[in-house]
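Accompanying notes for the structure given below.
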Amino acid sequence: MEEGKQLRGAMAGIFTKNLLLKDKKGRLFLFSIHEDRVLDLKTLYTRIGANGRLGFAPAERMVELLGVQPGALTPLGLINDRAGVVTAVVDASLLDADQVNFHPLINTESIGLQPAELLSFIRSCDREPLLVRFDVLPSG
């Protein structure tokens, strides 16, 4: 992440980090979150309705399902998930930005989208994104 911050210079918009996580039953979740956001993997499953604690999915699954290598993970990879097995989880705070930046399936470039464009793209891949306010603590 730090190397990416140095390379991008003054590029406009918010930058993201993207994580492919799996729950105890093997369900896959692609998290697109603010690059500085820290997630607690021990309790994160309660925020998204997953079955038990989340862990990182194997890199092979990322390549197989989303067609991207580790380091290039992006919600744009959902276009390659024809079976629809990956659930998109979007940090709702990203929706407040004018532009959100992602890798366009390779990690040597970035592309900026308006938040509405991101949501429209995810929906065009036949799935409804889970929008979660990770900047707000859950109640209860």
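Derivation of every value follows stated rules applied to the coordinates shown; laboratory data play no part. Keep in mind the model is a prediction, meaning the values are calculated, not measured. We place every Cβ from the backbone using ideal geometry, glycine too, and count neighbours over all the protein chains shown.
Projecting label points 7 angstrom from Cα along Cα→Cβ for Val136 and Asp36 puts them 2.1 nm apart. In this label model, Val85 and Lys17 are separated by 2.6 nm, measuring between points 7 Å along each Cα→Cβ vector. Among the aspartates and glutamates, select those whose C-alpha is under 15 Å from the C-alpha of Lys25, and discard any that sit fewer than 8 residues away in the same chain. By straight Cα distance, Lys25 reaches no aspartates and glutamates at all.
Here's the picture: charge each Lys and Arg Cβ at +1 and each Asp and Glu Cβ at -1 in the chain, and of Val100, Tyr45, Ile111 the one pushed furthest to the positive end of that dipole is Tyr45.
Out of Leu21, Leu30, Leu95, any idea which swings most in a Gaussian network model of the chain, alpha carbons joined below 10 Å? Fluctuation is largest for Leu95.
For the chain, the gyration tensor built on C-alpha atoms gives a rounded shape. Its axis ratio a/c (a ≥ b ≥ c) stays under 1.5.
In this Cβ point-charge picture (+1 for Lys and Arg, -1 for Asp and Glu), the chain has a dipole of about 600 debye about its Cα centre.
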